[in-house]
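What follows is a set of notes on a single structure, which appears directly below.
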Amino acid sequence: MSEDTLSVRNEMDIISVRGFGRNVAAQLGFGVVDQCRITTAISELARNIVVHGGGGSVTIKTIQNDKKGIEIICKDKGPGIRDMELALKGGFSTVGGLGIGLSGAKRLMDEFQITSFTGKGTTVMIRKWLK
Amino acid sequence: MKENEEIVIELSGLLEDNAGDLKKQWVKEMTEMGLLEKLTPVEIEQQSSAIYDTCVLTLKTGMYEAAKKYAREMAKKGVLEAMTVDQIIMGMLKLRDVYGRFIFSEYKKDVEKLYEVLGVYEPVANRILSIVALSFVEERERVIKEQQQAMLALSTPVLQIRDQILVLPLIGTIDSARAAQIVEQLLNSIVDAQASVVIIDITGVPIIDTAVANHLIKTIQAAKMLGADAIITGISPANAQTLVTLGVDLSMMTTRGTLRSGVKLADEMLRIEVVEKR
Amino acid sequence: MEIPILKIEDFLIVSFQIELSDHEIDMLRESILDKIKETGARGLVIDITALKTVDSFMARSLSSIADTATLLGARTVVVGMQPAVALTLVELGLRIKWKIITALNLESGVNLLRKSLKSGKEMVHE
């Protein structure tokens, strides 16, 4: 079991946090493709933190019970997501991206949970299990 | 707590002092049960000493790491050398009996003390037994998993038929684990062989459902991103009908009826001229 | 970090060797476009062999570099994508928006450009 929290304030932090995530995933025994999926999902969510959330943190945990896996929690104290359904549908972007950050991260991982309060911020939890 | 510590020291001291006799007793009982038939006398001596010492060490230190490590090694060896799990666990149960009887005879005059000692001894003995049993289960699961993976890899050969053409004949039922494995293997093969066309032949796939169709489409798109074209061949009429009914977007796929016409198309795409010998 | 933009024949070649920040990608886009204008290059090859992660921002940047370069007269090919990256991009849901022409390696990328320039035809992306 390991747990690390990294703060994410600017775009340089996006690169370091996803690099850190890749190392944790590799050490847990994830294959190259899963490492890529996990790293990309972290990158998408970390970019949301920087662009929409005005900074926040990413926590990367290893799970080693009956099932092994990685858990990532991305938190920001930004304005929150007003229309969740639309944000998760994909193709929706407020800043001219491809608009597939949230829905993409969801598709790349095994588990996805999001809680968002208008004016208080957004927390996204994603998990991938080692098969 | 402090009393416990004293008992632990006393008990482990006793077990160490009497190691020779107790080990002999244990080996004798196991031999009578026919548990050691496959081991040489040297192996018996080594293994019984190692197990005996590990158990005493675990009792003494309260640390189960050594026991876990030893059990894991034993599990590996046991499975490999066809020593049955049953035999090894019976052996461990016997050791627990030998220790237990020894404790009983040592403390029988002081029943209260006997209870205290058993109170220390029993949880440790039980924990060690559960560690041993679990190690075997884990080892077996690991072997099964390894074999499954080996079978997965065997079940999908990627054949290179020309410098730039790969053929992937799919045979048998495709579940999502196998589909994921096939996709990864094919994409890696494309890059390894620097192949610009890949033919996926599904003549041998009895049933295509939405999940399999989606994996196919995903493969085609990912191959395209790498810079390779994919051709699907051998879709049976029944499968074609299912795909249409399911509403799968076939415009994504380049298809040909047979592997032969697929290869021909690939040649045309690469402008390879095949001259037939007369 | 200065990324070299190499010129050979009528083509420019850019190779991404490290992970780039958003800002660095924007800077790189500028200098690629300047260089196309300056040299009158008719083709652009972007080599991403070394990239282990391509997220949607990076994909969008590549796509916009390719679009703008094409407008300036340089057809663009992206080469050397890692298998894991390709699979991840597909799963990310990029398929609809990805219109970039790709090739397996630098050599086939350059060949593709040559052929397309010689025939005068557009490279097609099915």
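The values are calculated or read from the model by the stated rules, or taken from the named source; none is laboratory data. The shown structure was predicted, so the numbers you read here are calculated from the model rather than taken from an experiment. Quick reminder, even Gly has a Cβ in these numbers, built from the backbone with ideal geometry, and neighbours come from all protein chains shown.
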Response to the item:
Among residues of the stretch A:14-49 being touching a residue at least 60 places away in the same chain (Cβ under 8 Å), closer than 14 Å to A:Cys74 by Cα and not aliphatic (A, V, I, L, M), the residue surrounded by the most Cβ atoms within 10 Å (Cβ to Cβ) is A:Thr40
Item to complete: Scan (1) within 30 Å of B:Thr203 (Cα to Cα); (2) in contact (Cβ under 8 Å) with a residue 40 or more places away in the chain for the single condition B:Leu159 breaks and write down its number.
Response: (2)
Discussion item. Which numbered condition in (1) assigned to a helix (DSSP H, G or I); (2) under 22 Å from B:Leu22 (Cα atoms) is the only one that B:Lys77 fails?
Written reply: (2)
Practice prompt. Mind counting the residues in the stretch A:50-62 that are surrounded by fewer than 17 Cβ atoms within 10 Å (Cβ to Cβ) and either modelled with pLDDT under 90 or of a type outside the set (Ser, Thr, Tyr) (or both)?
Written response: 2
Discussion item. Residues that are assigned to a loop (DSSP other than H, G, I, E, B), under 14 Å from the mean Cα position of the chain (by Cα) and within 11 Å of another protein chain (Cβ to nearest Cβ): does the stretch A:27-40 have at least one?
Written reply: no
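Could you please find all residues in the stretch B:98-111 being under 20 Å from B:Gly20 (Cα atoms) and either surrounded by 14 or more Cβ atoms within 10 Å (Cβ to Cβ) or in contact with a helix residue (DSSP H, G or I) (Cβ under 8 Å, 6 or more places away or on another chain) (or both)? First the steps, then the outcome.
Within the stretch B:98-111, the subset under 20 Å from B:Gly20 (Cα atoms) is B:98-107.
B:Val98, B:Tyr99, B:Gly100, B:Phe102, B:Ile103, B:Phe104, B:Glu106, B:Tyr107, listed by residue number.
Would you be able to say whether some residue in the stretch B:145-154 is over 30 Å from A:Asp66 (Cα atoms) and not β-branched (Val, Ile, Thr)? Before you say what the answer is, go through the steps one by one.
Kept after step one, since they are over 30 Å from A:Asp66 (Cα atoms), are these residues of the stretch B:145-154: none.
Taking every residue of the stretch B:145-154 in turn, none turns out to be over 30 Å from A:Asp66 (Cα atoms) and not β-branched (Val, Ile, Thr).
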Practice prompt. Within the stretch C:50-73, track down each residue that is within 13 Å of the chain's Cα centre (by Cα) and away from every other protein chain (no Cβ under 14 Å).
Written response: C:Ile65, C:Thr68, C:Ala69, C:Thr70
Discussion item. Could you check the stretch A:1-26 and list, in sequence order, the residues that are of a type outside the set (Asp, Glu), more than 10 Å from chain C (Cβ to nearest Cβ) and outside any helix (DSSP H, G or I)?
Written reply: A:Met1, A:Ser2, A:Thr5, A:Leu6, A:Ser7, A:Val8, A:Arg9
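Would you confirm whether or not the stretch C:85-98 contains a residue that is away from chain B (no Cβ under 14 Å), under 23 Å from A:Val33 (Cα atoms) and out of contact with any Cys (no Cβ under 9 Å at 6 or more places or on another chain)? Steps first, answer last, please.
Residues of the stretch C:85-98 that are away from chain B (no Cβ under 14 Å), as a first pass: none.
Scanning the stretch C:85-98, I find no residue that is away from chain B (no Cβ under 14 Å), under 23 Å from A:Val33 (Cα atoms) and out of contact with any Cys (no Cβ under 9 Å at 6 or more places or on another chain), so the answer is no.
Does B:Ala66 satisfy the condition of being out of contact with any helix residue (DSSP H, G or I) (no Cβ under 6 Å at 6 or more places or on another chain) and not in a loop (DSSP other than H, G, I, E, B)? I'd like the intermediate steps shown before the answer.
Details: out of contact with any helix residue (DSSP H, G or I) (no Cβ under 6 Å at 6 or more places or on another chain): no; not in a loop (DSSP other than H, G, I, E, B): yes.
Considered against the rule, which asks whether it is out of contact with any helix residue (DSSP H, G or I) (no Cβ under 6 Å at 6 or more places or on another chain) and not in a loop (DSSP other than H, G, I, E, B), B:Ala66 comes out as no.
If you take the residues of the stretch B:225-274 that are in a loop (DSSP other than H, G, I, E, B) and within 13 Å of chain C (Cβ to nearest Cβ), which of them is nearest to C:Val77 (Cα to Cα)? First the steps, then the outcome.
Filtering the stretch B:225-274 for residues in a loop (DSSP other than H, G, I, E, B) gives B:227-228, B:234-236, B:247-249, B:253, B:257-258, B:271-274.
Adding the requirement that they be within 13 Å of chain C (Cβ to nearest Cβ) leaves B:227-228, B:249, B:253, B:271.
Numbers: B:Gly227: 10, B:Ala228: 13, B:Asp249: 27, B:Met253: 22, B:Arg271: 21 Å.
For the stretch B:225-274, the residue satisfying everything is B:Gly227.
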Worksheet item: From B:Ile208, B:Ile161, B:Ile171, B:Ile202, which residue is more than 14 Å from every other protein chain (Cβ to nearest Cβ), farther than 27 Å from A:Arg37 by Cβ and within 31 Å of the chain's Cα centre (by Cα)?
Response: B:Ile171
Worksheet, complete the sentence: Result of the Cβ filter at 6 Å on the stretch B:123-150, keeping first residues that are touching a residue at least 24 places away in the same chain (Cβ under 8 Å) and partners that are in a helix (DSSP H, G or I) and of a type in the set (Gly, Ala, Ser), at least 6 apart or interchain, is B:Ile128/B:Ala67; B:Ile131/B:Ala67; B:Ile131/B:Ala71; B:Val132/B:Ala71; B:Ser135/B:Ala71; B:Ser135/B:Ala75; B:Phe136/B:Ala75; B:Glu139/B:Ala75
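Out of the strands (runs of 3 or more DSSP E) lying entirely within the stretch C:1-79, which hold 1 or more residues that are of a type in the set (D, E, K, R)? Reasoning before the result, please.
Values: elements: C:5-8, C:11-15, C:43-47, C:75-79.
By residue number, C:5-8, C:43-47, C:75-79.
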Item to complete: Can you tell me which residue among B:Ile44, B:Ile103 is of a type in the set (Val, Ile, Thr), within 31 Å of the chain's Cα centre (by Cα) and part of a helix (DSSP H, G or I)?
Response: B:Ile44
Discussion item. Based on this model, can you work out whether C:Ile32 counts as more than 23 Å from A:Gln35 (Cα to Cα), within 14 Å of chain B (Cβ to nearest Cβ) and either crowded, with 20+ Cβ neighbours inside 10 Å or modelled with pLDDT of 90 or more (or both)?
Written reply: no
Discussion item. I'd like to know if the stretch C:45-58 contains one or more residues that are modelled with pLDDT of 95 or more and either farther than 30 Å from A:Ser103 by Cα or basic (Lys, Arg) (or both).
Written reply: yes
Worksheet item: Can you find even one residue in the stretch A:77-84 that is at pLDDT 75 or above, out of contact with any Asp or Glu (no Cβ under 6 Å at 6 or more places or on another chain), surrounded by 14 or more Cβ atoms within 10 Å (Cβ to Cβ) and β-branched (Val, Ile, Thr)?
Response: yes
